[in-house]
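Note sheet for the following structure.
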Amino acid sequence: MRILVVVNTMAGGSDAGLYDYVRALGSANAEVTLRFCDEQNRLEELVSDGTSFDRVVAAGGDGTASAICYALRGTGVPILVYPAGTANLLALNLNLPVEARSLGRLTLEGSHTSFDLGEIEYAQTPDGTGLRRGFAIMAGAGYDAAIMSSAQPLKATLGPAAYLVAAVTNLAPTASEFELDLDGQHISTDGIAVLIVNFGRIQFELPVAYGADPRDGMFQVAVMRTRNVAGLIPAVVAAFSGAEKVPGIDVYVAAHVTVSAYPPLQMQYDGEVIDALTPFAARALPKAVQLLVPADSPFAE
């Protein structure tokens, strides 16, 4: 078996178990190719020949995993998400093991499942030229992006706690008026954030949108209708209790979404903060990627 392992050396977590992981693959007579992403190498370029491998491993955070998934969309190459970032939400949603040898066995023997990806398009240049990026978990604008931005300088020292610190220090997020287009249906609403959800769980197993299924070709579009962070407390309590209807959060379903905000808001996708403001568009890419999942994953087939 030929395995390509792409390691993002700039990821915010740790790849301390990577040597044990590669050794486990080598002990099973797998042919392992290691490539490293830094400021000089783009992930997309490192997997440009990904179809010549039996497995591709994305070793890094959620941004690393989503970039590699997007680059290999539609190819059918099974991808393992190796959790070496800060939040590792994709690994959490898939119920992946964290121990290196268990990840090695999954790479060699595990089954794979088809999942949807999201594609976000936004204008970053003065002439309005659109840029497209892929996301696996969720994209959004507003409070979530502000948290991601504030957490960036803290991740190296605080790890996952950086997001909690960023949340409690952003107690007065910007509230905006939103104009949404959801598969042709126009919605006018307001709040502090709009989230385009593919995989639905974030830190602490907290569901952002009940019923999100990353295999149905649709997004859950969650609008945080509160005007301040205190207004989210009932929503968090309800989400932890398993309630299907969460107060303060309106949820819609759509495959094609456009979001405008007044005033404009910062954006993010899978934890990657975008150096641009709304508007943006997102579309679902049904069953675009094959991900390796353990037998006890809720998505195992």
Query - For Thr107, net neighbour charge (Lys/Arg +1, Asp/Glu -1) across residues whose Cβ lies under 12 Å away - result: +2
**Report entry** Computed FRET value (nearest 0.05) for Asp190 with Gln152, which takes r as the C-beta separation and R₀ as 30 Å
**Finding:** 0.65
Report summary line: Ranked output for segments 255-261, 212-218 by mean other Cβ atoms within 10 Å, highest leading, reads 255-261, 212-218
Requested in this report: Excluding Thr64 itself, calculate the net charge of residues whose Cβ lies under 10 Å from the Cβ of Thr64, where each Lys or Arg counts +1 and each Asp or Glu counts -1.
Outcome: -3
Report summary line: Placing each pseudo-label 7 Å from Cα in the direction of the beta carbon, Ser52 and Met1 end up separated by a distance in nanometres of 2.1
Report task. Could I have the simple spin-label model distance between Arg132 and Asp216, label points 7 Å from Cα toward Cβ, reported in nm to one decimal? Result -> 2.5
Report task. For Lys287, enumerate residues with amide H under 5 Å from its amide H, sequence gap 5+ or separate chain, H modeled in the peptide plane. Result -> Asp116, Leu117, Gly217
Query raised in the report: What FRET efficiency, computed as 1/(1 + (r/R0)^6) with R0 = 41 Å and r the Cβ-Cβ distance, is obtained for Leu171 and Ala295, rounded to the nearest 0.05?
Result: 0.45
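Values in this text are rule-based calculations from the coordinates and carry no lab data. The structure presented is a predicted model; accordingly, all values stated were derived computationally and were not measured. Ideal geometry is used to build each Cβ from the backbone, glycine not excepted, and the neighbour counts take in all protein chains shown.
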